[in-house]
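Note sheet for the following structure.
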Amino acid sequence: MDITRLIIVAVGGQGNLLSSRVLGEAALLSGVPVRMSEIHGMAQRGGVVESAIVFGDAESTIISDGEADLLVGFEPSETLRALNKCNSKTVVITNLSPLPPFTVAIGKGKYPDLNKVQELIRAKTSKLIAFDAVALAKEAGNVLGVNMVLLGALAQTGILPLAVDNIKETISTRTKKAFAEVNLKAFDLGFAAAGIA
Amino acid sequence: MHKLLTDDPGQKMLLLGNEAIARGAIEAGVAFATTYPGTPSSEISLNLFEISQESDLYFEYSTNEKVALEVAAAAANSGLRTFCMMKHVGVNVAADPLMTLAYVGVKGGLVILTADDPFMFSSQNEQDNRYYAKLSGLPMIEPSSVDEAKELIPYAFDLSEKLQEPVLFRTTTRVNHSTGVVTLGKMRPRVTKGGFGKDPFNYVTVPAISRKLHVKLLKNIEKAEELSEKSEYNFTKGDGKWGIICNGVSYNYAADAVTELNLSEKVKILRIGFSHPMPKQKITNFLKGCEKALVIEEGEPYMEEAVRAFAQEAGLTLPIKGKDKELFSQLYEFDPAMVRGKIAKYFGLPYTPPAVVNLSDVPEIPQRPPNLCAGCSHRATFYEIRRAAKELGMPTIHPTDIGCYTLGFMPPLSMGDFLICMGSSVSTSCGFSKATDKKVISFIGDSTFFHSGITGLVNAIYNNHNFTLVILENGITAMTGHQPHPGVDMANFSLSGYGRISIEELVKGLGVKHITLIKPYRVEKSVEAIKEALNYKGVSVIISQEMCTLYAKSLKKLKARPFYVSDKCKNHRDCINEIGCPAFFIEGEKVRIDPVSCVGCMLCAQICPEKAILPVKSEK
Ligand code: SF4
């Protein structure tokens with residue numbers, strides 16, 4: 001089976017580990033081989049969390065520079081920072097709502113201009129899908145649903161070897177009951193947004 | 001029921017490497033488990049801790065790795081299947097019992113897991129613990145993947161019982177923290193009560209007995225080598241005149257490279273999963289069929305040295321390479337494209353590396369280093385110590401230790417000048433205070449103090465040193481994910497039947513004459529008390545008591561009362577520049593506080609010269 005490589009980057013606390021978990025479970029449900037890895041050493045202390053998910057017939061659980069087919073960024077400057085994982089054929093999805101790192105507040109560095117971020121990514125990769133996922137998560141009823149919004153957008157690209165229904169089924173069975181409905185709504189909003197972005 | 005207790009052989013489950021290892025232990029019928037938490041091993045014990053609360057598995061968080069291994073050694077010598085897990089540097093702490101336990105051996109299976117951390121994602125060094133197998137003479141098992149890790153744990157237990165020796169089980173971060181699909185196997189019933197057959201002439205390691213036991217160990221190594229030769233985990237894949245010898249995750253990268261470079265007819269791979277003793281005959285036979293061989297292993301040239309020696313002994317002259325300026329480094333972790341590129345290079349194949357996008361015009365992106373949480377009590381303590389020392393005009397040196405508070409070494413707090421290992425803050429303070437004229441103020445967390453700070457403090461009292469030790473007592477082992485330690489109130493875990501040690505009483509008992517308790521969120525009071533402690537000649541101890549904010553939040557013991565910056569603010573920015581709390585941000589040149597992250601510790605409110613930082617509720 002062909003190999004699809006996905007990188008997800010986020011800031012600790014944004015819930016990207018749950019989204020990779022959902023994708024992994026959906027792959028298991030669909031009978032698609034899946035391997036993932038994550039680096040979350042001090043994620044709870046505000047660092048970057050990176051997950052790699054490899055679908056298809058591969059043994060490796062990590063993804064080298066330039067080898068991601070898909071990059072999903074939960075935070076715009078982190079999406080830009082992860083551009084080294086991309087090549088000219090990579091499809092990139094990013095949330096546009098920034099979480100400036102603390103270094104900016106203490107005057108060590110300047111947060112990149114959001115238009116410039118999009119321009120750069122667009123010029124270097126095959127496609128950029130960019131929108132404010134936080135706004136959509138709020139619309140769905142939970143600001144913390146950014147991960148589900150972005151999963152929706154990811155599903156919309158059709159690049160993953162997973163049926164949309166299997167992802168949705170996993171969301172309803174694997175996320176907390178109280179949130180399942182809101183999560184599915186967030187997923188749908190992200191799906192729709194990616195269609196027009 | 002805990003998901004790892006699911007009794008449904010054949011069921012497929014998506015598991016984190018560390019969960020798979022814990023499941024492997026359950027399938028192996030492990031009855032007794034000990035650990036000291038350390039990344040990347042922590043989730044194994046976390047799961048076993050949970051499982052022990054709903055089964056007859058005995059599990060303990062031991063004070064440190066040496067203690068964990070000694071507790072385990074007794075259980076295993078009473079016949080129980082025993083699992084002892086730690087991070088790679090933990091084995092240094094446990095090395096003393098390890099070396100002689102190898103002489104003594106075990107009755108019930110004992111597997112000692114070492115979680116190595118190439119690239120040092122969360123460690124102070126990237127030592128290669130395969131050499132501990134060589135040093136101790138114990139067998140070593142190394143999985144390549146998550147599912148294999150689960151499978152190999154019962155294998156390692158069987159091996160341990162067959163040889164009556166502990167078995168070392170080495171993982172790397174990319175096994176511990178990868179996730180994969182695992183097929184559940186049968187669970188062997190736990191045998192939780194053992195018996196100890198007295199046999200002092202084999203157990204009490206006085207010289208005359210150890211001389212005999214060393215002979216036994218050498219015989220055992222021979223037996224282990226036979227098993228390694230026959231082991232299905234030292235297997236060959238593919239066929240061809242070029243050979244690759246690899247282990248662990250390097251195998252995954254090599255196997256993928258062979259597929260991607262279309263080499264399955266040219267290259268054969270020998271994967272070593274039973275890596276001590278190395279299967280000499282298997283390797284020699286493998287080399288005999290090769291024109292050229294490449295050894296792919298992260299870390300040190302452990303296999304390469306052995307492979308070269310075997311070739312030499314067999315009079316084989318084929319080229320063998322591994323660690324080399326042009327090929328593989330001893331540094332950091334490997335990745336699939338890098339391994340693919342080196343394989344192509346060594347065997348002279350055309351290869352185009354992945355076309356990474358051109359990054360030359362990407363502006364510098366501000367760094368996002370980890371930071372102490374908003375409201376972390378360590379931040380308040382660090383600020384107060386710095387201010388007290390400054391007001392006393394004391395030039396200082398700050399030995400620090402391992403925990404969240406290590407992050408205090410970064411500006412703007414800049415509290416941390418020297419760190420080598422767990423517990424080193426206390427003992428290096430002894431050295432610095434004698435060797436220099438500076439005031440030494442060192443930092444250690446509560447869990448680390450129990451782990452290996454106490455002996456340093458005993459030394460300081462006995463040798464009459466002169467420094468101030470700050471014990472950051474936040475009631476939990478925070479950094480590795482909130483595990484308990486001997487000073488923790490186990491009621492927080494809804495558990496009873498544990499003892500609890502008061503750090504204050506302990507320090508008093510050790511003979512410390514000047515002990516100060518502070519509540520770090522009370523700034524002025526703390527600064528005054530700290531000054532007094534700093535002026536004391538001799539060993540003074542400050543115990544800063546405040547529960548870890550993140551933990552308190554998770555226990556619902558802390559209700560956030562966020563603050564905001566009112567228009568009294570004159571933009572001095574003392575708040576941001578002095579304490580560096582991540583709840584602050586700048587919006588249009590104005591200082592703001594993120595109400596979601598702020599917990600209301602009030603540190604900033606107390607140091608703001610304009611008293612401009614106020615609780616949100618008073619906002620009009
Ligand atoms: S986890 Fe606790 S000790 Fe660690 S930085 Fe956060 S509040 Fe501080």
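Overview of results
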quantity	calculated
Helices (runs of 4 or more DSSP H) lying entirely in segment B:124-219 (those with 3 or more residues that are surrounded by fewer than 24 Cβ atoms within 10 Å (Cβ to Cβ) and at pLDDT 95 or above)	B:130-136, B:146-163, B:200-203
Residue that is nearest to the ligand (Cβ to nearest atom), among those in segment B:372-397 that are farther than 17 Å from B:Asp446 by Cα and buried (at least 23 other Cβ atoms within 10 Å of the Cβ)	B:Cys373
Test: residue in segment B:559-572 that is modelled with pLDDT under 95, within 16 Å of the ligand (Cβ to nearest atom), under 23 Å from B:Phe493 (Cα atoms) and open to solvent by 10 Å² or more (accessible area, probe 1.4 Å)	yes
Out of B:Lys439, B:Lys519, sole residue that is over 17 Å from B:Cys404 (Cα atoms), open to solvent by less than 50 Å² (accessible area, probe 1.4 Å) and of a type outside the set (Gly, Ala, Ser)	B:Lys439
Some residue of segment B:488-505 being in a loop (DSSP other than H, G, I, E, B), more than 14 Å from chain A (Cβ to nearest Cβ), within 15 Å of the ligand (Cβ to nearest atom) and aromatic (Phe, Trp, Tyr)	no
Options B:Thr400, B:Thr455, B:Thr468, B:Thr477; residue that is more than 14 Å from the ligand (Cβ to nearest atom) and either under 24 Å from the mean Cα position of the chain (by Cα) or open to solvent by 30 Å² or more (accessible area, probe 1.4 Å) (or both)	B:Thr455
Hits in segment B:278-335 - residues which are part of a strand (DSSP E or B) and either at pLDDT below 95 or among the small types (Gly, Ala, Ser) (or both)	B:Ala293
Tally of residues being more than 10 Å from chain B (Cβ to nearest Cβ) and surrounded by fewer than 22 Cβ atoms within 10 Å (Cβ to Cβ) across segment A:1-11	3
A:Leu96 being at pLDDT 95 or above and open to solvent by less than 10 Å² (accessible area, probe 1.4 Å)	no
B:Gly29, sole failed condition from (1) in a loop (DSSP other than H, G, I, E, B); (2) over 22 Å from B:Asp158 (Cβ atoms)	(2)
Cross-chain or 6+ apart pairs with Cβ under 7 Å, segment B:361-387 first and within 14 Å of chain A (Cβ to nearest Cβ) and within 15 Å of B:Met410 (Cβ to Cβ), then basic (Lys, Arg) and within 15 Å of the ligand (Cβ to nearest atom)	B:Pro370/A:Arg45; B:Asn371/A:Arg45; B:Leu372/A:Arg45; B:Leu372/B:Arg379; B:Cys373/A:Arg45
Complete set of residues in segment B:519-540 that are aliphatic (A, V, I, L, M) and under 16 Å from B:Ser442 (Cβ atoms)	B:Ile530, B:Ala533, B:Leu534, B:Val539
Segment B:76-90: number of residues that are outside any strand (DSSP E or B) and buried (at least 24 other Cβ atoms within 10 Å of the Cβ)	5
Top-ranked residue of segment B:527-551 - restricted to ones that are within 16 Å of the ligand (Cβ to nearest atom) and more than 14 Å from chain A (Cβ to nearest Cβ), ranked as nearest to B:Tyr462 (Cα to Cα)	B:Ile543
Test for A:Pro76: is it at the interface with chain B (Cβ under 7 Å from one of its Cβ atoms) and not charged (D, E, K, R)	no
Residues (over 20 Å from B:Arg387 (Cβ atoms) and surrounded by 12 or more Cβ atoms within 10 Å (Cβ to Cβ)) located in segment B:597-619	B:Ser597, B:Cys598, B:Val599, B:Gly600, B:Leu614, B:Pro615, B:Val616
Residue within segment A:98-106 that is out of contact with any strand residue (DSSP E or B) (no Cβ under 9 Å at 6 or more places or on another chain), in a loop (DSSP other than H, G, I, E, B) and more than 8 Å from chain B (Cβ to nearest Cβ) present	yes
Residue that is surrounded by the most Cβ atoms within 10 Å (Cβ to Cβ) [pool: residues in segment B:40-58 that are under 12 Å from B:Gln483 (Cα atoms) and of a type in the set (S, T, N, Q)]	B:Ser45
Odd one out for A:Leu29 among (1) open to solvent by less than 20 Å² (accessible area, probe 1.4 Å); (2) at the interface with another protein chain (Cβ under 10 Å from one of its Cβ atoms); (3) closer than 21 Å to A:Asn183 by Cβ; (4) in contact (Cβ under 8 Å) with a residue 40 or more places away in the chain	(1)
A:Lys124 facing another protein chain (nearest Cβ under 9 Å) and of a type in the set (D, E, K, R)	yes
Residue in segment B:360-370 that is within 16 Å of the ligand (Cβ to nearest atom) and buried (at least 18 other Cβ atoms within 10 Å of the Cβ) present	yes
A:Val49, sole failed condition from (1) open to solvent by 10 Å² or more (accessible area, probe 1.4 Å); (2) more than 7 Å from chain B (Cβ to nearest Cβ)	(1)
Qualifying residue in segment B:406-421 (condition: within 13 Å of the ligand (Cβ to nearest atom), surrounded by fewer than 24 Cβ atoms within 10 Å (Cβ to Cβ) and modelled with pLDDT of 95 or more)	yes
Count of residues meeting criterion [small (Gly, Ala, Ser) and more than 10 Å from chain B (Cβ to nearest Cβ)] in segment A:12-25	2
For A:Ala130: the one exception among (1) in contact with a helix residue (DSSP H, G or I) (Cβ under 9 Å, 6 or more places away or on another chain); (2) over 17 Å from A:Ala10 (Cβ atoms); (3) of a type in the set (Gly, Ala, Ser)	(2)
Matching entry among B:Glu43, B:Glu54 (being in a loop (DSSP other than H, G, I, E, B) and acidic (Asp, Glu))	B:Glu54
Sole exception among (1) more than 16 Å from the ligand (Cβ to nearest atom); (2) more than 22 Å from B:Val258 (Cα to Cα); (3) within 34 Å of the chain's Cα centre (by Cα) for B:Val357, by number	(3)
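The values are calculated or read from the model by the stated rules, or taken from the named source; none is laboratory data. If you're wondering where the values come from, they're calculated on a predicted model, not measured in any experiment. Glycine gets a Cβ as well: all are built from the backbone with ideal geometry, and neighbour counts include every protein chain shown. Note: areas computed on protein heavy atoms with side chains; ligands, DNA, RNA excluded. Shrake-Rupley method; radii C 1.70, N 1.55, O 1.52, S 1.80 Å.
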